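Peer 1: Below you'll find the structure I mean.
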Amino acid sequence: MYQIKILKRLLKLYNLSRLTDKTSEKKSPKYVTTDIFYINDNHGRIGNMSRIYSAKELYDYQTKNSTADKLVLAAGDISAGADHNVARAANTYMNALGVEATSDGNHEYDENPPELADSKKGAKFKSLGMNLQIPKGNPLDGVIEKSFVLEKNGHKYAIIGLAPPDLHERIRDNDSRKQIGVDDFEKTLKDVQAAVDDYKKQGINKVIVLSHCGLTKDQRLAKETSGIDVIVGGHTHDLLKGVEEGKNLLTSKSNEPVVITQAGKDGEYFGDLKITWDDDKGIIVKVQNNVTPSNIFKRNRVLKGVFEQILGKPEQLGEVKVATGPTKERLLDPNPNAFLIMDAVKEEFGTDMAIINAGNIRGFFEQGPLDSHQVFEVVPLKNNMVKLKLTEKEIVDALKKGAKSFNDPGHKPGIIMPSGLKYTVSRSGELKAASFIDKEGKENAIDINNPNPNKVYTVATDDFMASGGDNLLENKIEKGEIDEKFDFDKDKLTCDYIKKMNAPVELKDDGRITVVD
């Protein structure tokens, strides 16, 4: 909390000492307070959505007598995957929270434009994407807006939305990728500035950007433009607690403060941003950013029931006897939760291997009764499964690309989660060894320095990875190199596998991925 006693330091830092000069003594500044409840990157995690709804109920009760302008905003990827019912559930959740505007993230576009447009019917919130190129006549034409003005208690806020510049790299090969374009970030910077300038001419001096561009680009947006006050961000899953100068409290080109928020991933957190403005100048003079874990709240029973009406009642599968919990570094660590999923895929399809990008695994199994909705929360993206053939060289190249994630600040794209494959990777980002595990359990070493381009394996994955998602493979779908494609995802295969096991699930790290220094 930036207290009154350090307000003068803040004002000096941002060259705002005019507020305390003789002119201000003649006319005291008029202050406006704003309270923003925000979410981002919930990724269709219905359990955490139900918890956040419970938190919002408490928030509404605690602030019912507040005179602050209350805004409820989202920064994209609230839905995830191609399942239309998941998108409907996400939009129902946002309506229930009272979300007034959201930027669209990449996972909204896992759906094709007609289905995405249909899911937004009945939405009480605006869907924004200033940098999206939507052709005339497309189902999303007129559904996605660039920006708008939100008025609270006579105070006007300009709300601008931005989709991720790497949209096409972050969705599967579908009609959204083919039909919807996205501007490069340099053009976006100019367009946002032009919009802010236009709002300023209209006398609107409080500007909020809902950005699914990621923290690095949000920092550029803050520093390379003038007139933006708040960036409610997402995409890179950063957990920005409090306010830290140089990280999420930056200075604009016009030497004014800009605050950036981001509440992690998967609905594990939500945020509450409290702001005090100099109303005449539209400048932030005081800010507090509270980020709260959702797991301290119980799932709201009413919303849970609504989700079951949309998604269907969960099927009881059995029991998890031994659980390992979440990994510390989701994109880099060996993950027993993923191992179970990939073993299920390989076993159900009868392929030599099953592989998936680590980012596809969004949750973890808990000890106790297990149902189909819990499986879905571990793999909520709802892609479609495919079978294809990959050469030994293609597999090794994919493992090496994944290994380089150790050197990426955001750990993208993450390592590969396999079944039928064992490998060792170093924290410096090198693939050290790899082996194919045949159906008899025999380990067959692969020469990672000279992988055989003629040795072919049958492989199961999903259409995100098969279409070049995360750049781990070439776009096999576009090249027509898919043997079979299915209209279901890993959750179905996992449920079938667990039922066939007819025994308690015991998760363990079996050494199929070794990370060395």
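Peer 1: Could you rank Asp166, Asp447 by how accessible they are, 1.4 Å probe, largest area first? Intermediate values should be presented prior to the final figure.
Peer 2: Working: Asp166 45, Asp447 75 Å².
The residues order as Asp447, Asp166, largest area first.
Peer 1: Let me ask something additional. Among the aspartates and glutamates, which have Cα under 20 Å from the Cα of Lys286 when same-chain residues fewer than 8 positions away are ignored?
Peer 2: Within the straight-line limit of under 20 Å, Lys286 reaches these aspartates and glutamates: Asp21, Glu25, Asp35, Asp69, Asp229, Glu244, Glu245, Glu256, Asp272, Asp278.
Peer 1: Quick check on region 435-516: take the gyration tensor over C-alpha atoms, sort the square-rooted eigenvalues as a ≥ b ≥ c, and tell me if it's rounded (a/c under 1.5), prolate or oblate. Show your work: numbers first, answer last.
Peer 2: On the way: a/c = 1.92, a/b = 1.13, b/c = 1.70.
Since a/c reaches 1.5 but b/c is at least a/b, the shape of region 435-516 is classed as oblate.
Peer 1: Something else now. Would you check the accessible area of Arg51, probe 1.4 Å, heavy atoms only, in square angstrom rounded to 10?
Peer 2: My reading of the accessible area for Arg51 is about 40 Å².
Peer 1: Quick check: at a probe of 1.4 Å, how many percent of the accessible area of the chain sits on carbon and sulfur atoms?
Peer 2: Using a 1.4 Å probe with all protein chains present, the chain comes out at 46 percent carbon and sulfur.
Peer 1: Which entries of Lys120/Lys476; Lys70/Lys281; Lys313/Lys490; Lys382/Lys485; Lys401/Lys476 have Cα-Cα distances beyond 23 Å here?
Peer 2: Details: Lys120/Lys476 31 Å; Lys70/Lys281 20 Å; Lys313/Lys490 18 Å; Lys382/Lys485 14 Å; Lys401/Lys476 17 Å.
Cα-Cα > 23 Å for Lys120/Lys476; rest within.
Peer 1: Shifting gears a bit: According to a simple spin-label model (label point 7 Å from Cα along Cα-to-Cβ), what is the distance in nm between Phe486 and Ala445?
Peer 2: 3.5
Peer 1: Just to confirm, what accessible area per residue do you get for region 253-327 at 1.4 Å probe, in whole Å²? Please list the in-between numbers first.
Peer 2: Values: 3410 Å² over 75 residues.
Here the per-residue accessible area is 46 Å².
Peer 1: Grab every C-alpha pair in region 30-117, bin the distances at 5 angstrom width from 0 up to the longest one, and report whole percents.
Peer 2: Going from the shortest bin to the longest, the percentages are 3, 14, 24, 22, 15, 10, 6, 4, 1, 0.
Peer 1: Which ³J(HN,Hα) values in Hz, rounded to whole numbers, follow from the phi angles of region 454-467 under the Karplus curve 6.51 cos²θ - 1.76 cosθ + 1.60, where θ = phi - 60° and Gly and Pro get x?
Peer 2: 9, 7, 10, 10, 7, 9, 10, 8, 10, 6, 5, 5, 5, 9
Peer 1: Ignoring everything but the protein chains, give the 1.4 Å probe accessible area of Leu381 in square angstrom, nearest 10.
Peer 2: Approximately 10 Å² of Leu381 is accessible to the 1.4 Å probe.
Peer 1: So, one more: In degrees from 0 to 90, rounded to the nearest 10, what is the angle of the helix 46-62 Cα long axis to the longest principal axis of the chain?
Peer 2: Around 20 degrees separate the two axes.
Peer 1: I've got another one for you. With label points built 7 Å along Cα→Cβ from the Cα atoms of Gln133 and Gln367, find their separation and express it in nm.
Peer 2: Taking the two extended label points, one gets 5.4 nm.
Peer 1: Given a Förster distance of 35 Å, report the FRET efficiency between Leu239 and Lys313 from their Cβ-Cβ distance, rounded to the nearest 0.05. If you can, show how the numbers build up before the last one.
Peer 2: Numbers: r = 33 Å, r/R0 = 0.95.
Step by step, r from the Cβ atoms, then E = 0.60.
Peer 1: To check you understand DSSP bridge types, tell me what percent of the beta bridges within the chain (both residues inside) are antiparallel, rounded to 5.
Peer 2: Working: 57 of 92 bridges.
The antiparallel proportion sits near 60 percent.
Peer 1: In deg cm²/dmol, rounded to 500, what helix-only [θ] at 222 nm does the chain give when every DSSP H run of at least 4 residues adds -39500 (n - 2.57) and the total is split over its residues? It would help to have the intermediate numbers written out before the result.
Peer 2: Numbers: 14 runs with 141 residues, N = 517.
For the chain, the value works out to -8000 deg cm²/dmol.
Peer 1: On a 0 to 90° scale, report how tilted helix 336-349 is relative to the longest principal axis of the chain, with both axes built from alpha carbons and the result rounded to the nearest 10.
Peer 2: Long axis of 336-349 versus the principal axis of the chain: about 50 degrees.
Peer 1: Further, regarding this structure: So if we plug the beta-carbon distance of Glu145 and Ser226 into 1/(1 + (r/R0)^6) with R0 = 30 Å, what FRET efficiency do we get, rounded to 0.05?
Peer 2: On the way: r = 23 Å, r/R0 = 0.77.
With a Förster radius of 30 Å, E is 0.85.
Peer 1: Evaluate the relative contact order of the chain (contact order divided by residue number), counting alpha-carbon pairs under 8 angstrom at least 6 apart; express in whole percent. Kindly include the intermediate steps, with their values, before the conclusion.
Peer 2: Numbers: 1181 pairs, mean separation 80.7, N = 517.
Over the chain, the number comes to 16 percent.
Peer 1: What are the residues whose amide H is under 5 Å from the amide H of Ile283, where those residues sit 5 or more places off or on another chain and H is modelled from the backbone?
Peer 2: Counting only residues 5 or more places away or on other chains, the set is Asp278.
The values are calculated or read from the model by the stated rules, or taken from the named source; none is laboratory data. Everything numeric in this text was worked out from a predicted model, so none of it was measured. With ideal geometry, Cβ positions are generated from the backbone for all residues, glycine too; neighbour counts draw on all protein chains shown. Just so you know, the surface numbers come from the protein's heavy atoms only, side chains and all, with ligands and any DNA or RNA stripped out. Shrake-Rupley method; radii C 1.70, N 1.55, O 1.52, S 1.80 Å.
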